[in-house]
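The next block holds one structure in the form of structure tokens; read it before the comments.
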């Protein structure tokens, strides 16, 4: 067999060709792939012998040539003709530029440079002609082909079909990832087509409840919870992943060392501190009862001291960008604790939710807003302003209707997921008790009536941040003036259903 080889991911290639032995009689390879093979003692001719040119445009053009594609696409009588000046290819080994590694960023130049053209074309052509050409478009394909050649000295048509289907799938996934990533960065407005690609499918134990099936798919990037590395612990559940996503999105709002504790997909405690340990202890103090069996997220590498403190609490999932070696040794002793290492996304993402008969898509919710407006005569102190900013970031990630009370860079109490805003405040006040005095309040949407502000004043709440926008804003602000509470409008609602 004659093989054409052009790969970005060179893992396992030399071993695979060695396992194929004499089944592969001749190899043509592109630049760096050929160098890699020759360096490892494998003879490989350069594709420039066929094309008549070395790589053009800094490597952008290597294989786009009629002699190469004719050798891949030839079938039937064309393969038996002798009056041709190009060879037939029986195998194409090719994988694509690593677009996924830059897909979560905002660098359009990096993205466009990592869009593969020739490789995708080679794989598509080989998959189309699968009866005559074996196509291997990922290192995971090597084992099935090597086993078949070793046992049968050929690759059956069924295996060729499977490899072709896998290749068409990978081409499709690759194109969808490119489109969605560029659409996000270029802000293309309303797309007429929603392209969703889920790869590396994994069956979960069950969905939200035991009688529901559950599955996890990656979007093809290296970012976010779906592409996290599990460093320890038992199998992840559907609910574990949902909670982990909520916790990580919330904790990454903060620049200071931060901790967010999530239970049932909404924060039950959050804090910033001089280090992770302080942030964790402050967040835990909000609601120790709810923190039992929670998901805990950090925005820094987890250190030994924080890990030691965590080992005293029953936690379902631990989420962070990285972990220190000593910290891992400590937390891995808790055999059931799921430990996730997650690479944060950069830039704005989108959220997709299925409904009957279709899908809803929206930009990802963030706490960012335009101009903060003071609506009362009285100003908040600098310390209260810091707490208002903190509380606003937390309430953005609480289920609506939501109220967050905070003080000294930590949540005092949270009332979330209520059908009445004033009821959410009552719950927060009941949880916080005397700690509510001199705390600040953040609301994820406007106050429809002045009753919440009146209740806040009666319980010593010192400042309020809210979106504004109610037809009764005047009454609400007047109540804040009467109670001596500084009130600020963000002009942005942060409902989270």
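The values are calculated or read from the model by the stated rules, or taken from the named source; none is laboratory data. This one's a predicted model, so the numbers in the text were calculated from it and none came from an experiment. Positions of Cβ are generated from backbone atoms using ideal geometry, with glycine treated the same way; all protein chains shown enter the neighbour counts.
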Candidates 32, 22, filtered to the one that is without any contact (Cβ under 8 Å) to a residue 24 or more places away in the chain, surrounded by 14 or more Cβ atoms within 10 Å (Cβ to Cβ), outside any loop (DSSP other than H, G, I, E, B) and in the same structural domain as residue 172 (by TED's automatic domain parsing): 32
Selection from the range 116-132 of residues that are touching a helix residue (DSSP H, G or I) at 6+ places or on another chain (Cβ under 6 Å), touching a residue at least 40 places away in the same chain (Cβ under 8 Å) and outside any helix (DSSP H, G or I): 129
Residue within the range 145-154 that is outside any loop (DSSP other than H, G, I, E, B), at pLDDT below 95 and out of contact with any helix residue (DSSP H, G or I) (no Cβ under 9 Å at 6 or more places or on another chain) present: yes
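So which of 72, 42, 27, 93 ends up being modelled with pLDDT of 90 or more, surrounded by 13 or more Cβ atoms within 10 Å (Cβ to Cβ), part of a loop (DSSP other than H, G, I, E, B) and assigned by TED's automatic domain parsing to the domain that holds residue 134?
Criteria check complete, one pass: 42.
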Residue check, residue 211 more than 24 Å from the chain's Cα centre (by Cα), farther than 25 Å from residue 16 by Cα and at pLDDT 90 or above: yes
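Only one of 379, 397 is in a loop (DSSP other than H, G, I, E, B), surrounded by 17 or more Cβ atoms within 10 Å (Cβ to Cβ) and assigned by TED's automatic domain parsing to the domain that holds residue 459; which?
Numbers: 379 fails: surrounded by 17 or more Cβ atoms within 10 Å (Cβ to Cβ).
The match here is 397.
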Whichever residue in the range 188-221 is surrounded by 18 or more Cβ atoms within 10 Å (Cβ to Cβ) and touching a residue at least 60 places away in the same chain (Cβ under 8 Å) and, among such residues, is farthest from residue 344 (Cα to Cα): 220
Qualifying positions in the range 256-279 - in contact (Cβ under 8 Å) with a residue 24 or more places away in the chain, under 17 Å from residue 312 (Cα atoms) and out of contact with any strand residue (DSSP E or B) (no Cβ under 7 Å at 6 or more places or on another chain): 277
Filtered residues of the range 96-114 (kept if in a loop (DSSP other than H, G, I, E, B) and either farther than 30 Å from residue 1 by Cβ or not assigned by TED's automatic domain parsing to the domain that holds residue 12 (or both)): 102, 103, 104, 105, 106, 107, 114
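If you check residue 254 against the conditions, is it on the phi < 0 side of the Ramachandran plot and either part of a strand (DSSP E or B) or under 11 Å from the mean Cα position of the chain (by Cα) (or both)? Let's see the steps before the verdict.
On the way: on the phi < 0 side of the Ramachandran plot: yes; either part of a strand (DSSP E or B) or under 11 Å from the mean Cα position of the chain (by Cα) (or both): no.
It is false that residue 254 is on the phi < 0 side of the Ramachandran plot and either part of a strand (DSSP E or B) or under 11 Å from the mean Cα position of the chain (by Cα) (or both).
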Of all residues making up the range 462-480, the number that are over 22 Å from residue 404 (Cβ atoms) and assigned to a strand (DSSP E or B): 0
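Got a number for residues in the range 335-347 being assigned to a loop (DSSP other than H, G, I, E, B) and crowded, with 18+ Cβ neighbours inside 10 Å? I'd like the intermediate steps shown before the answer.
Filtering the range 335-347 for residues assigned to a loop (DSSP other than H, G, I, E, B) gives 335-337, 342-347.
Remaining after also requiring crowded, with 18+ Cβ neighbours inside 10 Å: 337, 342, 345.
The total comes to 3.
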